[in-house]
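Undergrad: Mind having a look at this structure? Questions to follow.
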Amino acid sequence: MSKKKMSLTSKVLIGLLLGLIAGIIVYSLPSGILKDTILINGIFQLLGQIFLRGIMMLVVPLVFISLVNGTASIGDIKKLGRVGVKTIGFYLTTTAIAVMLALILGYFIKPGVGVDLSAIEVVEPTINPRIPIVQILYEMVPTNPIAAMAGGNMLQIIVFAILTGIGISILGPKADFIQKLFVGLNDLIMKLVEIVMIFAPVGVFGLVARTFATVGYTLMVPLMKYILLVYVGLIIHAVFVYGGLLKGFTNLSPLKFYKKFLPAMSVAFSTASSNATVPVSLEIVEKELGASKNIASFTIPLGATVNMDGTAIMQGISVFFIAQVYGYEMTFGMMLTVILTATLASIGTAGVPGAGIIMLSMVLQSVGLPLEGIGLLMGIDRIVDMGRTAINITGDAVCTTVIAKQEGELDLELAQS
Ligand code: ASP
C-alpha cells in the first residue's frame, strides 16, 4: 500500500519537474504553430485542464458528503464546538505569525529598495470591493444550499453540511438509512479521487509546463528580490512554524509529514488553487497521516477557504515592497494594522488562483499605501501564487494533524509508518 503511494508521490514530482523543464524549453522557442497551437494551447492545455477539471469536479460533492459524515459521526455537539473553536484559533494564530514573519523579512531585507521601476510592466490592478466583516460572517449561512453548491461557495456548503450532520445525529436510528447512504457515497467519492489522482502526474506536467512556457521571465528580473523573499518566507514558515508545531504537538517527524504530503503540495503548486487541492489533501490526511474523517472533513475544507498563511506572507512582504518603492515610512502602528487586516483578509480570500493579490488592496487601504502598487506585482503574481498556495494547504494539514492528535483521533501507527 505505502509502496504504491510512494510511487504516486514520485510520479507527481517527476511530472512537476518535467513540466518545469518542458515549459522553460518551450518558452525559448520562436512563436508559431508548434509552440503556440500544438504545445502551449494544445498538448499542455489538454493534459492540464482534464486533470484540473476532474479534480474540481469532485470538490463540492466531496466536501459536502464527507463533512456530513464527519459531523454525523462526531455525534457530540460539545466536541464539535470545541474542535471548531480550536481550528479557528489555530488558523488565525498561524496566519498572524505568518504576517509577522513577512514583516520582519520586509523590514530587514527591503525588497522594494533599489527596484528599477521603469523595467516593470505595470498592470491595471483589480481592486477588491470593501466587504464589511459582518457581511462575510452572515453570508456564511446560505439562503439556498443548492445555489451554494452550484456556485461552489465553500463556507456556505460547510455550514449546510454541518447542520445536516447534526440533524442526522439528533434523529439517531430514524436517520439510519440516510447515514448509511452518506457512508456509501463517501466511499464512492473517495474512490473517484483515487481514480482522478492516477492522472495527476500527467496533469501536473501539463499545468506547470503551460505556466512556465507562457510566464514572462523578463518581467521577473526586476522583481527577483521580491519573488525570492516571498519564497524564503514560505520556506521558513514551512520548516520552523509547521515543523515546530508538528514536533511539539504530535511528535511526528516533519520530514515524514512532508514526504507524505508532497503530492498535495505539488497539486497546489501547479493549480494555484487551495479549493482544487481539497480532494488530494483529504485523501492524504486521512489515509496516510492517520487523521480521522470527523476532524479532517471539517478542518481541510474550512482551511482551504479561511486559512492562508502563504498568502499572508506574500501580503506582508508586498506591503513593505510597495511602501519602499513609493517612499513611505512603515511605522510600528502600521505594522500592527497590517497584522490584523492581513489575517482577516486571509479569511475572505477565496481558494482560487490570484485571489490573494486582489485582497491585498484591503490591506493597503488599511494603512493608506497606494493601490497602484498592486499593478507592479500582478504581472508576476502567478509565480508567487503557486508557492503560497502550496503553503496555504500545508497549514490546513498541519492543523488537522495537531487537532486530531489532541482529540485522540490520530492513528499514530499510520502517521508514523
Ligand atoms: N491561490 C491561493 C489559494 O488558492 C489564494 C491566493 O491567491 O493567495 O490558496
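The values are calculated or read from the model by the stated rules, or taken from the named source; none is laboratory data. Computed from a predicted model, the values in this text were never measured in an experiment. Every residue, glycine as well, gets a Cβ built from its backbone with ideal geometry; the counts of neighbours run over all protein chains shown. Keep in mind that these areas ignore ligands, DNA and RNA; they rest on the heavy atoms of the full protein, side chains included. Shrake-Rupley method; radii C 1.70, N 1.55, O 1.52, S 1.80 Å.
Undergrad: Output the pairs from LYS79/LYS191; LYS78/LYS260; LYS86/LYS247; LYS11/LYS256; LYS11/LYS287; LYS110/LYS247 with a Cα-Cα distance over 20 Å in this structure; if there are none, say none.
TA: The pairs that break the limit, which is 20 Å between Cα atoms, are LYS79/LYS191; LYS78/LYS260; LYS110/LYS247.
Undergrad: Dividing the convex hull volume of the alpha carbon atoms of the chain by its residue count, what do you get in Å³ per residue?
TA: With only Cα atoms used, the chain gives 140 Å³ per residue.
Undergrad: Considering just Cα atoms, how many Å³ per residue does the convex hull of region 64-155 enclose?
TA: 191 Å³
Undergrad: Something else now. Using only protein heavy atoms and a 1.4 Å probe, report how much of SER417 is accessible, in Å² to the nearest 10.
TA: Estimated to the nearest 10 Å², SER417 gives 80 Å².
Undergrad: May I ask you to derive the FRET efficiency for VAL352 and LEU228 from their Cβ-Cβ distance with R0 = 22 Å, giving the value to the nearest 0.05?
TA: 0.30
Undergrad: Residues in region 207-233, backbone N under 17 Å from the label point at LEU17 (7 Å along the Cα-to-beta-carbon vector): list them, ranges by number please.
TA: Output list for this probe position: 208-209.
Undergrad: Cα centroids of region 1-76 and region 166-212: how far apart, whole angstrom?
TA: 16 Å
Undergrad: Could the peptides 303-312, 185-194 be put in order, highest first, of the mean number of other beta-carbon atoms found within 10 Å of their residues?
TA: Taking the mean over residues of other Cβ atoms within 10 Å, the ranking is 303-312, 185-194.
Undergrad: Just order 36-43, 117-124, 12-19 by mean Cβ neighbour count inside 10 Å, highest at the front, would you?
TA: 12-19, 36-43, 117-124
Undergrad: If you stretched the chain out fully between LYS256 and GLN49, how much longer would it get, using 0.36 nm times the residue separation minus the C-alpha to C-alpha distance?
TA: That pair, LYS256 and GLN49, stretches by 71.5 nm at full extension.
Undergrad: Report the equivalent ellipsoid semi-axes for region 113-204 in whole Å, largest first, defined as the square roots of five times the eigenvalues of the gyration tensor built from alpha carbon atoms.
TA: One finds semi-axes of 41, 25, 10 Å for region 113-204.
Undergrad: Taking only protein heavy atoms and a 1.4 Å probe, what accessible area per residue, in Å², does region 101-159 have with all protein chains in place?
TA: 63 Å²
Undergrad: Kirkwood Rh over Cα pairs of region 180-253 into Stokes-Einstein at 10 °C, 1.306 mPa s: D in µm²/s?
TA: 95 µm²/s
Undergrad: What ranking, highest mean first, results for peptides 24-34, 152-162, 104-114 when packing means the other Cβ atoms within 10 Å averaged over each residue?
TA: So the peptides 24-34, 152-162, 104-114, ranked by packing, come out 152-162, 104-114, 24-34.
Undergrad: Here's something else I'd like to know. For region 154-287, what % of the accessible area comes from carbon and sulfur atoms, probe 1.4 Å?
TA: Ligands and nucleic acids excluded, carbon and sulfur reach 77 percent.
Undergrad: Under 18 Å from a label point 7 Å along Cα→Cβ of PHE249: give me every residue in region 63-98 with its amide N that close.
TA: It comes to 79-98, nothing else.
Undergrad: Want the number for ALA150 to LEU171: 0.36 nm per residue separation, take away the alpha-carbon distance, what's left?
TA: Value of the extension gain: 4.8 nm.
Undergrad: Further question: All other residues with a Cβ under 13 Å from the Cβ of GLU407 taken together, and with Lys, Arg as +1 and Asp, Glu as -1, what is their net charge?
TA: Cβ neighbours under 13 Å give a net charge of +3.
Undergrad: Could you grab the relative contact order for region 315-417? Cα pairs under 8 Å, six or more apart, rounded to a whole percent.
TA: 24 percent
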